[in-house]
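Since the structure comes first, as structure tokens, the remarks are kept for the end.
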Amino acid sequence: MQAKSILNLSAEEVITELKTSHDGLTSSEARIRLEKNGPNLLKSSSTTGPGKLLLRQFKSSLIYLLVVACLISFGLRDFSDGFIILSILIINTGLGFYQEFRSENAVAKLQKLIMREILVKRDGREALTNEADLVIGDLVVLREGDIVPADIRLVEVNELSVNESQITGESLPVSKTRSGKDSILYTGSTVEGGEGFGYVFATASQTELGKIAKLASSTKRTTQYEKSLSSFSSFLVKVTFLILAAVFVLKVVVDRDGTSIASLGLFVIALSVAVVPEVMPVIATVTLSTGAMRLARAHVIAKTLTAVEDLGNITVLCSDKTGTLTENKQRITRLESDNPELFQTVAIASLETLDEKRKKFQSAFDRAFIDFVPENIKTTANGFERVEELPFDPRSRRRAVIYKNGDKYYLAVIGAVETLLELTKDHRTKNYRKIIKNDGQQGLRHLAIAYKAIKFESHDFDIAKHEKDLEFLGFVALEDPLRPTAKHTIELAEQLGLKIKILSGDSVEVTNYVASRVGLIKPGQLVYSGPEVETFSDEKLGEILKTNNVFARLNPEQKFRIIKILKEHGNIVGYQGDGINDAPALKLADVAVAVSGATDVAQDSADILLIRNDLEVLVNGIRYGRVIFSNINKYIRFTMIANFGNFFALSAIYLGTSAALPLVPIQLILTNLLTDLPTITIATDNVGLEELTRPSVYNIRALMFVPIFLGMITAIYELMFFTSVFHQSTSIKQTCLYLFLSLTGLIVILVVRNRGHFWLAPKLSTQLKLAFTIVLFISVAIIYISITRKLFYFDPVSIAMLSYTVLVSVAYLFILDGIKVWFFRTRLGDSTRENALA
């Protein structure tokens, strides 16, 4: 339905037109409409079907090279080689397709996990439903912090203001009404204040946002890390092809034999296939997507692969203490009031909601009152009717409610004790402040209530102007237990080199108590309050932030300023927030984090969603983010050392001898295939804590310099081995070299797993160990099985020669490992060392 045709209708006409009711749709009717019109989802243009994924595998220069090699073999009437290369081409393509298909599925599953829940009225009751299940005719309830899930015609508003910048480009909020042009809410708008009720009249692609296809459809984002890897890979491809072309021409000129150009060309193509790291970007994508799914199982949802990349790079994590260091399970321990029954009655009458299905809007304080207040008082309060309200304002630290009891109206204000004492005149103010301070030092929080009778005549009543001459009813002390894991989590963060900073809205006393208990405050450190932060210059605040980790009584603007200064000092800042007022800070942070129960605005601004609000979950997520990059970098180091070591050695042998080729092309391609197979499981490998003390920064110079140095060592060692078996027959010599290259390729995987000696590295993951063992067995068995031996032109080597090859390979393991450790301990500075093996 068009917005123009519905905005001039009355509420009753809207209900008739949409075939709904004052109580919304029935569940059965909603199901019928959902089946008929489909889910309320904007189709993503980034979705890639299996067919497109398969075709994408043939857009690789590696595949082109294999195709050329296959055609040359058939052209030379070498059908056995041609079919073998064709088989390897199919295996390569199949593996690439399988890995990318899994990656696409992982991203699709993540999108399903971050679906928003919307409050609708169905069957006469309010209930939460998935955004995708909204249908035309649904009666939707919208409040501050929500993102409008569909195009909606309002029928009731309460000081509702909405940001419609996604449609109009205008960032100023628009006040909404029950009729006229301002009675329409558009998909993607943000509710900045008040409350509204309205009927859905357009969903999915029929909404105004859905009609703007290019804006509505999501596009696949390539992470900065993936871009760097792709660029790095392209650079290596160009350099490799240039060197190989020069080697080929030089070989033809030196040998002066034009009759063998085709076979020599085939060898050069095989060598390029063996050395080019074409799958490097794919390995990165697959590792990131696999990591994203493992994070999801650990209650951390990365909304995009970019978020996985950024998560591991966080150096400073800013968070509130409530729900992260504490359990956010408020429990009332004491009530201070001259009239406890009236206090409790007003408290229940002023609750955010009495409907358990509206848990989306229920605070921990409301739940504490529900648990504390006796049933007889709840029954009395249930007869009170809520009329108007002002949501909680973090700046004034209070909210207000107007309720009706019989024919009388009352204004109740709920908030911080200090705030309400300033709005009332109570002779015990001084004594109350002393109690609050003493309680705060024991970690207790407080919530006060003040009220008065009012004359309420219309919905235009200005609550803020009537917040004076209130009667102070008293306050409750609340206990929020520390999480048992909080102290251990802070210790883990320290081991990771991750700084935790608490930006709390609570009092200095309470914040100091919690921070001291978990070890965030060291002797001599202070907890600075928001008013103090306000007086500091940016320079002074920057100096304070270097040593102090805990701040209290902060408002959203002060949190924003702290994050801004932290970023200006070179930190990668993660920020966890859950309210509409946290949105600016979430957008400013390098990595924005929200819990699944946060406002829609906070969730929409976030890169990471936590299924469980616990600092341990987030710190472990950061830890695993670093594990992901450590494993990607293992593959890069493996490629640079093993592949380029082989490249240098075989090129030198190829140029330096006029004898038969050091390896026939299919032997070379086979070696590459076998040694690459275990790297498919590299994403699952275990990583030691010492490898994770710094974020994984992509440093091309460090990644190239050290592995190429070790690759040169590998090349020299391979040349020495080839020299030692040079007197053997051609087939034995080729078999030994194949076996040696296969074994050393596996050995490099062991060497690159950590900075220290390989035997100090964590245990191999089950998947990597299994792949390693299978490939090791196949590599040896293939030269003794009659069929494979003939296919690949091998000769079975003697036990003595096999033992010699294995011993030389084992010696290579210790030599390469020793040089690696020596190099990093003596030849590189600390910063380079960290980056080189990050």
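Worth pointing out:
- Surface per residue (accessible, 1.4 Å probe) for segment 559-649, Å²: 25
- Each of Glu126, Glu29, Glu17 has its accessible area taken with a 1.4 Å probe; listed largest first, they run Glu17, Glu29, Glu126.
- Rg followed by Dmax, in Å, when segment 726-804 is reduced to its Cα trace: 14.9, 42
- Potential extension, Phe709-Val249 segment - 0.36 nm per residue separation minus Cα distance: 162.9 nm
- Sorted largest first, the spans of the alpha carbon positions of segment 289-335 along the three principal axes are 51, 24, 12 Å.
- Other residues with beta-carbon under 12 Å from the beta-carbon of Lys176 carry, at +1 per Lys or Arg and -1 per Asp or Glu, a net charge of -3.
- Less than 5 angstrom separates the built amide H of Leu554 from those of Ser504, Gly505, Asp506, Gly530, all sequence-distant by 5 or more or on a different chain.
- Eigenvalues of the alpha-carbon gyration tensor of segment 356-511, scaled by 5 and square-rooted, set the equivalent ellipsoid semi-axes at 33, 19, 16 angstrom, largest first.
- Excluding same-chain neighbours fewer than eight residues apart, the aspartates and glutamates reachable from Lys567 by a Cα-Cα span under 20 Å are Glu309, Asp310, Asp320, Glu494, Glu534, Asp538, Glu539, Glu543, Glu557, Asp582, Asp590, Asp607.
- Ellipsoid equivalent to segment 571-689 - semi-axes via the Cα gyration tensor, in Å: 50, 14, 11
- Surface composition of segment 544-621: carbon and sulfur make up 49 percent of the accessible area, probe 1.4 Å.
- Solvent-accessible surface ranking, highest first, for Ser179, Ser350 at 1.4 angstrom: Ser179, Ser350
- Entry comment: accessible area of segment 405-543 is 51 Å² per residue, from protein heavy atoms only and a probe of 1.4 Å.
The values are calculated or read from the model by the stated rules, or taken from the named source; none is laboratory data. If you're wondering where the values come from, they're calculated on a predicted model, not measured in any experiment. Counting neighbours? That spans all protein chains shown, and the Cβs are built from the backbone with ideal geometry, glycine included. Ligands, DNA and RNA are excluded from the accessible area calculation, which covers all protein heavy atoms including side chains. Shrake-Rupley method; radii C 1.70, N 1.55, O 1.52, S 1.80 Å.
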